[in-house]
Every structure is written in structure tokens, then in C-alpha cells.
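Take a look at the structure below.
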Amino acid sequence: MRKNVGFHSVRSFSDRRWLLPFLASLLVSFTLFMATIFGLFSSQNVGDSLSLDIVSFTTLDDFENDSIGTDRKKLLDQPAIMQEEAPRIAYLITGTKGDSQRMRRTLQAIYHPRNQYILHLDLEAPPRERIDLTMYVKGDPLFSQVENVRVIAKANLVTYKGPTMIACTLHAISILLKESLRWDWFINLSASDYPLMTQDDILHGLSSLPRNLNFIEHSPISGWKLTQRARPIIVDPGLYLSKKFEVFTTTERRELPTSFKLYTGSAWVMLTRSFLEYCIWGWENLPRILLMYYANFISSPEGYFHTVICNSNEFKNTSISHDLHYISWGYPPKQHPLYLSTKDFNRMVKSGMPFARKFAKGDPVLDKIDRELLGRANGQFTPGGWCNQTSSDEMAEQCSSRGDDSKFLPGPGAERLQQLMKKLMSQEFRNGSCSSLQYDQTKRDWITPKKPA
């Protein structure tokens, strides 16, 4: 019995060997804990980013109390600051089979070293045509120097009336944001669009405007569009197939949404970087919900951005209901606009619009626009203050050499654009917008209009 007791007592004593490692680990843990505590307090005192990361992470699920979202709203509510630096524009030019030459011409007509350009020739175009367009961009010495023209290599299939046009547009915007390129506004054009004034005219005219304005023609969807666009459910084959087919409609009809209001308008827009960051990054769920909703909506390019901006409390007061295009719809208006020709030239100029559509391939009116409005020679860039030039006879040729891109030579087009903007900022025009604010020309700020007595 004693042997057994002695054995157990020795074993019990030997088990205490864990005490030394335990005490050592306890001491180390206590030291690290105290160091962390003092480190946190010191980082709070010096404004270390760790505390900010914790706050932003723990409050992402609560948009009502999100300090980051609140700060952003405060910034949007502040008076618009007129920036000293001239604006920059990001252009998307889209086309399909047989449009590469027209896209080149439009690019030359609207080119400016300050801007960014993305060209998308859709999947219906043969590979040879896309390669030729890419080689043209790569082979131009000015494009290689400035590096502001890109051709989308992995083309998307764009179906008329389907959501694939929105997918193409969001794809281009994502590229512009991912590469952290400098731009203030985004403009989408097709191969059948053409400018009615120089980039110097446009950039000079936009320099006096707040950078938070979104030009997007819109109105609440009503009438025949409710039954022919809002209620049908469509499927776009371009999302699933490699060849272009017409969209087809299901037999089912949907009810109108109750959580947001539907808007419609022109597919041609000039949108701000901040609004498009909201659409792509979506710090709240509205852009994603509406993107899914418009995935099977007829003519979604004429409704997606419009519905997002007019249902967003942050951005609806920045909307101007205009697409900055001269378009002839005829009477009564049909589904497609009329082709413009020389007989429309004077009306286009008097409109003050910076762009017009639609133009047929090689129509003589384009040569007239080049000659009388742009001062552009065939196959050359539209001249401007950025060109290294010595005489008017050499302007077109010497625009292949880059000078100061912050120097503008505005012409009559700038005056026409100024008159147009004055009209668009008026209270009478903005009464039809989803915005509830009015632009004060004297204060250069948005104000809430007074209610009539």
C-alpha cells in the first residue's frame, strides 16, 4: 500500500512540470495584451487608420447610421464648388458590323488629349474589322504618346432592345474606374452620332458648370410604354448566345413595382463620375436591384440610369432632363429617329446641341459639318488649342503633334453651348425634372424653389 501511495505521490509531483511553461506563456500573453491596449490608445490619439477601419466595417450593414454615407451626403448637399481645372470627358463609342470606319471618323472629330476614349465594336463585327480598328489605334503616334484611346478586345454582343447595351456601357465604365483614369463626365455615342462643335467649345462651355450635373433626359413612364415596356418580360439571346437574335417576350406579364418609380428617356447621356461610381460600386442596394429588374425589360438603356438617378435621394437633385443631342423624330414620332441630311444643317446649328444623330454612312452633311463647324480636314483631328500649329493652313496636319491640352480656342460653338446651358438651368425647364432644386445663375448654386403664396 505504501508503495502504491508513494508511486502516486511521485507521479502527482512530476505532473507539475506544466507550471513553468504555463506561467511563461501567461507572462508573454499579458505583455502582448498590455502592448495592444496601449497601442490602441496611442493610435486613437494620433488618428491611426485602425480605428477607422473598425468603424467602417461594423457599420456597413446599417445605412441609416453609416458615418461614411452621412459624410458623403453632406458633401453632396454642400454648394457646388467651381473647379479651376478644366473638365475632362470619358467617351464610349459603340458600333457593330461595318461601323469601324465611322467609329474612326467620330473619334477623330471628338478627339482631345484631355479626354479618355473607349471603342467597342460588338461581337457581330468580324474579327478582321476589330483587328483593323485596334491596329489603327496602336499605329497612331499621338494615341501612343497620350495613351487615352482603348479598344475593347473581348467584345460583347449587343442586342437591340435588350439589356446587353447596358452591360456594354457598364463594362466600359468599369474599365475607366478600375484604371483610375481622370475624367469628370461620361458620354456614350454610337457610330451614327457626330459632334456639332469642337472639343474646345465643349470643354470651355462645361468649365463654368458644377461637376455634379447629370444630363439625362427622363420622365415618369406612362401611357403606352406602361403596357408595351414595363409589363412584358423579355429574354435577350445576346446574354446566352454568340449570334445576334431579336429579343423574345414571355406570355407572362409583370406587375408594376411599388418600392421604386419607373422612369424612361433617351439612351444617350452625360453622367458624372460620382453617379457612375454609385452605379458600379453600389454602397446601397438600389443600383443592383434595378439592374436585375431591367435585365428582362424592353429597351432597358432608355430606363436603367433614369430610374436609378430619380429614385436616389443622393443624386436626383443633380439631374438635368436633356440628352444634349439634336434628333429629328418626324411627325408623328416613330420608334426610330429620321436620318439627318444637309436640309437639317441650319436647324442643327441653331439648336445649340453639341451632338446630333442619326447620320447615314458617308452622308455629305458630315463633310459640311467638318468644314463649317469643326474646321477639320478629311482623316485628321479636329484642330484646337492643344495643337502645335503655326498657321490656319497647317492646323489639320500639325494636330498630330501635342501641345498644351489645357489651352482652348473656343469658337461660335461655345457661344451656342452657353445659350443652351442657360436654358437648361432655368427654373421653367427644370420643372419637368425629378430634381426638386433650381440653379441660381448668380450664386452658381442649387437652391430649393420657393412655393407660390
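List the number of the failed condition for residue 302; all other conditions in (1) out of contact with any Pro (no Cβ under 9 Å at 6 or more places or on another chain); (2) at pLDDT 95 or above hold.
(2)
Step by step: first the residues of region 153-168, then only those that are among the hydroxyl-bearing types (Ser, Thr, Tyr) and in a loop (DSSP other than H, G, I, E, B), then the one that is surrounded by the most Cβ atoms within 10 Å (Cβ to Cβ). Which residue is that?
Restricting attention to region 153-168, the residues satisfying the condition of being among the hydroxyl-bearing types (Ser, Thr, Tyr) are 159-160, 164.
Checking which are in a loop (DSSP other than H, G, I, E, B) leaves us with 159-160.
On the way: 159: 22, 160: 14.
Per the stated criteria, the residue is 159.
Could you count how many residues in region 311-349 are over 27 Å from the mean Cα position of the chain (by Cα) and either free of Cβ contacts under 8 Å to residues at least 12 places away in the same chain or more than 20 Å from residue 196 (Cβ to Cβ) (or both)?
7
For region 130-145, which residues satisfy the criterion of being over 29 Å from residue 248 (Cα atoms) and surrounded by 19 or more Cβ atoms within 10 Å (Cβ to Cβ)?
Step one: filter region 130-145 for residues over 29 Å from residue 248 (Cα atoms), giving 131-145.
Within region 130-145, just 133 meets the criteria.
Somewhere in region 296-303, is a residue surrounded by fewer than 21 Cβ atoms within 10 Å (Cβ to Cβ) and over 26 Å from the mean Cα position of the chain (by Cα)?
no
Can you name the helices (runs of 4 or more DSSP H) wholly within region 299-417 that have at least 1 residues being in contact with a Ser or Thr (Cβ under 6 Å, 6 or more places away or on another chain) and farther than 30 Å from residue 280 by Cβ? Don't jump to the end; show me each part of the working.
Details: elements: 304-310, 345-351, 364-369, 395-398.
Helices (runs of 4 or more DSSP H) meeting the threshold: 364-369.
Scan region 88-106 for residues that are part of a loop (DSSP other than H, G, I, E, B) and crowded, with 22+ Cβ neighbours inside 10 Å and report the count. Walk me through how you get there before you give the answer.
If we filter region 88-106 for residues that are part of a loop (DSSP other than H, G, I, E, B), which is where we start, we get 88, 96-99.
Checking the rest, the ones that are also crowded, with 22+ Cβ neighbours inside 10 Å come to 99.
So the answer is 1.
Filtering region 231-277 down to residues that are acidic (Asp, Glu) and either surrounded by fewer than 14 Cβ atoms within 10 Å (Cβ to Cβ) or without any contact (Cβ under 8 Å) to a residue 24 or more places away in the chain (or both), which residue is farthest from residue 211 (Cα to Cα)?
We begin by selecting, within region 231-277, every residue acidic (Asp, Glu); these are 236, 246, 252, 255, 277.
Applying the additional criterion that residues be either surrounded by fewer than 14 Cβ atoms within 10 Å (Cβ to Cβ) or without any contact (Cβ under 8 Å) to a residue 24 or more places away in the chain (or both) yields 246, 252, 255, 277.
Working: 246: 38, 252: 43, 255: 37, 277: 14 Å.
Step by step, filter region 231-277, then rank; the result is 252.
Out of 182, 150, 128, report the one residue that is over 21 Å from residue 376 (Cα atoms) and assigned to a strand (DSSP E or B).
On the way: 182 fails: assigned to a strand (DSSP E or B); 128 fails: assigned to a strand (DSSP E or B).
Just a single option satisfies the conditions, and that option is 150.
Name the one entry in 356, 377, 360 that is modelled with pLDDT under 95, out of contact with any Pro (no Cβ under 6 Å at 6 or more places or on another chain) and hydrophobic (A, V, I, L, M, F, W, C).
Details: 356 fails: modelled with pLDDT under 95; 360 fails: modelled with pLDDT under 95.
Matching residue, one of 356, 377, 360: 377.
Of 156, 214, which residue is touching an Asp or Glu at 6+ places or on another chain (Cβ under 8 Å) and under 19 Å from residue 267 (Cβ atoms)? Talk me through it step by step, then tell me what you get.
Values: 214 fails: touching an Asp or Glu at 6+ places or on another chain (Cβ under 8 Å).
Step by step, each of 156, 214 is checked, and only 156 is touching an Asp or Glu at 6+ places or on another chain (Cβ under 8 Å) and under 19 Å from residue 267 (Cβ atoms).
For residue 76, state whether it is at pLDDT below 95 and either more than 19 Å from the chain's Cα centre (by Cα) or not in a helix (DSSP H, G or I) (or both).
On the way: at pLDDT below 95: yes; either more than 19 Å from the chain's Cα centre (by Cα) or not in a helix (DSSP H, G or I) (or both): no.
No: the conditions fail for residue 76.
Just one of (1) in a loop (DSSP other than H, G, I, E, B); (2) at pLDDT 95 or above trips up residue 85, so point out which.
The single condition residue 85 does not satisfy is (2).
Check whether at least one residue in region 107-122 is assigned to a loop (DSSP other than H, G, I, E, B), aromatic (Phe, Trp, Tyr) and surrounded by 16 or more Cβ atoms within 10 Å (Cβ to Cβ), and report yes or no. If you could, list the steps in order and put the result at the bottom.
Taking region 107-122 and keeping what is assigned to a loop (DSSP other than H, G, I, E, B), we get 111-115, 122.
Filter once more, keeping what is aromatic (Phe, Trp, Tyr): 111.
Then drop every residue that is not surrounded by 16 or more Cβ atoms within 10 Å (Cβ to Cβ), which leaves 111.
Within region 107-122, one or more residues are assigned to a loop (DSSP other than H, G, I, E, B), aromatic (Phe, Trp, Tyr) and surrounded by 16 or more Cβ atoms within 10 Å (Cβ to Cβ).
Out of (1) of a type outside the set (S, T, N, Q); (2) closer than 30 Å to residue 250 by Cα; (3) surrounded by 19 or more Cβ atoms within 10 Å (Cβ to Cβ); (4) within 14 Å of the chain's Cα centre (by Cα), what's the single condition that is false for residue 280?
Condition (3) is where residue 280 drops out.
The values are calculated or read from the model by the stated rules, or taken from the named source; none is laboratory data. These numbers come from a predicted model, not from an experiment. Every residue, glycine among them, receives a Cβ derived from its backbone with ideal geometry; neighbour counts consider all protein chains shown.
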